[in-house]
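The values are calculated or read from the model by the stated rules, or taken from the named source; none is laboratory data. Predicted model, so just to flag it, every value in this text is computed and none were measured. Here Cβ is always computed from backbone atoms with ideal geometry, including for glycine, and neighbour counts include all displayed protein chains. We work out accessible area using only protein heavy atoms, side chains counted, and drop any ligands, DNA or RNA first. Shrake-Rupley method; radii C 1.70, N 1.55, O 1.52, S 1.80 Å.
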Amino acid sequence: MKLWKPWQNLRFRLVAWYSLLAGLSMLGSDRLIYHEFQRTLLEQVDGALKVNAIQALKSLDDEVNTLLFDPRKDAPIIASLLSDAGVVILLIGNDGAVMERFGDSSMLPAHQVVKPGFETVLTGEGRWRTYTKEILTSRGRPSGWLKVARSLQPIDTTLQNLSNRYLLKLPILLGVVGLGGYFLASRALKPVVQITQISKQIRVSGNLAQRIHYRGTSNDELARLAMMFDEMMDSLQSAFEFERRFLMDASHELRTPLTALKGRLQVTLRQPRTVADYQESLHLIDHDVDRLIRLSSDLLLLSRLEQGHRYADQDLIDLSDLLAAVAVQAQPLADLAGLSFRTFIVPNLLIQGSPDHLIRLFLNLVDNAIKYTPAPGRVSVVAVIQQSRIRVDISDTGVGIAPEHLPHLFERFYRVEKSRSRATGGTGLGLSIAQEIVHHHHGTITVQSQPGHGTNFTVSFPLDVKRDGLASA
Ligand code: ADP
């Protein structure tokens with residue numbers, strides 16, 4: 001059984017991180033507010049203690065050198081008022097002994113360690129804040145200390161309430177944040193879930209036509225991911241369709257000569273024949289087998305080229321010499337067909353590539369030109385440098401190709417006139433192979449044709465600086 005591991009779930013991890021960060025930032029901000037509040041409250045207490053101390057000092061008897069409140073002044077009234085307000089006032093001698101007290105000071109010790117300024121003291125009844133000030137006589141001599149104190153209990157209770165509220169609020173807010181995060185994560189991951197489901201369906205059903213069609217509310221990252229997935233499926237589907245069609249075409253192309261072969265064999269074997277008959281049949285069978293061999297080797301070459309096999313023999317080739325050699329091979333064929341064959345080839349056209357494949361390319365184009373040009377016609381090969389490229393034109397004054405066929409001419413097994421092409425021994429792969437070879441040499445191949453007037457194939461290769469340098473060297 002498969003164990004559910006929540007940390008392997010992206011939605012769970014997003015929610016957990018989201019809640020953790022939200023919780024930490026809430027705790028941080030609460031703590032900041034708490035401390036700021038505590039500081040403000042303490043400042044208020046300190047301010048009040050200072051005022052209390054000033055008031056108390058004003059009420060001291062400074063004529064007699066004692067630490068008693070002056071009975072002539074309104075000391076008792078002020079003292080009892082302070083006491084009612086929760087303020088404790090102590091008059092302390094230089095030895096630390098408390099000499100006079102006002103207010104409920106039972107929790108403060110009778111003997112005090114005097115230290116001028118503010119202090120927070122922990123007693124049995126919580127924290128107290130004290131302010132100690134030295135008392136000077138009218139002659140400026142120190143005669144003791146005045147200590148004013150207030151309990152911090154009200155402040156501590158307020159602060160405790162505040163932190164209790166924070167603690168109570170935290171799980172509620174975390175719950176809301178977690179739920180919100182879960183909702184947002186689910187929404188955001190919807191296309192991912194869809195992609196997973198559709199991928200699964202495609203794997204199970206093998207139906208490449210399925211798409212996600214997710215566009216989202218805006219063109220966000222996940223919508224773009226879903227779009228990319230759909231686009232990838234488009235190209236996969238068309239590549240798959242292409243391969244399927246190719247397989248069907250290839251089997252059909254192989255079937256035709258094989259059926260013809262089988263027919264011939266059956267007819268020949270039906271009855272005993274003369275030696276001349278057998279010779280004639282074998283001659284025809286030999287022709288069919290030749291066609292099959294040509295077809296299978298064309299298929300093999302095409303599939304190798306399409307798989308992007310790098311040529312082992314990437315040589316620096318003199319294209320001018322190569323074209324001259326092709327012309328030498330083509331001349332007898334043109335003579336036989338009653339055509340005039342002309343060439344104009346600029347010398348030293350250097351190119352990096354495979355000589356075998358380039359010969360195959362140009363022989364195929366010249367061979368087609370001769371095949372589809374009735375006598376007395378003309379076939380020509382012109383090779384020049386034009387706009388920093390090598391340009392080779394193979395043109396004829398033959399039958400030409402109708403415009404509707406031109407866009408499909410380089411497709412595999414595409415023939416303008418099937419019967420005539422087969423009759424001339426063509427496999428329908430010649431131009432596809434030619435195009436692949438041109439692409440492997442980083443070139444382009446285009447065709448222009450006028451039915452009844454002739455056809456012109458233009459092959460163009462880039463002429464880079466290195467080649468140019470070598471060419472002129
Ligand atoms: P095939 O091996 O049958 O000749 P190709 O791929 O070489 O196949 O050519 C495809 C089709 O293009 C041919 O069937 C032919 O009809 C047409 N074609 C090719 N070259 C020429 C040309 N120079 N003139 C007229 N038609 C041509």
So how much accessible area does Asp84 have, in Å² to the nearest 10, using a 1.4 Å probe?
130
Label point 7 Å out from Met26 along Cα-to-Cβ: which residues of region 161-198 have amide N under 17 Å?
162-184
How high is the relative contact order of region 315-462? Use alpha-carbon pairs under 8 Å, at least six apart in sequence, and give a whole percent.
24
Gln352 long-range amide H proximity, modeled H, under 5 Å:
Ile317
At q = 0.23 Å⁻¹, what is the base-10 log of I(q)/I(0) for region 221-306 according to the Debye formula with one equal point scatterer per Cα and no solvent? Please give it to two decimals.
-1.07
Treating every alpha carbon of the chain as one equal point scatterer without solvent, the Debye formula yields log10 I(q)/I(0) values at q = 0.08, 0.13 Å⁻¹ of -0.77, -1.18
With unit charges on the beta carbon (Lys/Arg positive, Asp/Glu negative), name the residue among Gln329, Leu258, Val15 whose Cα is farthest towards the positive pole of the charge dipole of the chain.
Val15
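Quick test of the membrane-span-like rule: which DSSP H helices of the chain reach at least 27 Å along their long axis (C-alpha atoms) with mean Kyte hydropathy at least -0.5?
Length and hydropathy pass: 10-58, 153-188, 221-269, 275-306.
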Which log10 I(q)/I(0) values does region 315-462 give at q = 0.10, 0.12, 0.16 Å⁻¹ under the Debye formula, counting every alpha carbon as one identical point scatterer?
-0.31, -0.46, -0.84
Kirkwood-based shape ratio for region 86-224, expressed as Rg/Rh from alpha carbons:
1.62
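Suppose R0 equals 51 Å; then what is the FRET efficiency for Leu10 and Thr446 from their Cβ-Cβ distance, rounded to the nearest 0.05?
Efficiency at R0 = 51 Å is approximately 0.50.
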Protein-only accessible surface order, largest first, of Glu306, Glu231 at 1.4 Å:
Glu231, Glu306
Arrange the residues Tyr131, Tyr34, Tyr18 by how much accessible surface each exposes, largest first, with a 1.4 angstrom probe.
Tyr18, Tyr34, Tyr131
Per DSSP H run of at least 4 residues, take -39500 (n - 2.57); add these up for the chain, divide by its residues and hand me the 222 nm value, nearest 500 deg cm²/dmol.
-18500 deg cm²/dmol
In Å, the Kirkwood estimate of hydrodynamic radius for region 1-60 over Cα pairs equals 16.1
Quick one: work out Rg over Rh on the C-alpha atoms of region 361-447, Rh as Kirkwood radius.
0.96
Restricting the calculation to Cα positions, tell me the Rg (one decimal) and the Dmax (whole number) of region 107-156 in Å.
12.9, 42
Obtain the nm distance between the two label points defined at Asn94 and Arg39 by a simple spin-label model: each point lies 7 Å from its Cα along the Cα-to-C-beta direction.
4.0
Under 5 Å from the placed amide H of Glu119, counting only residues 5+ away or on other chains, we find Thr130
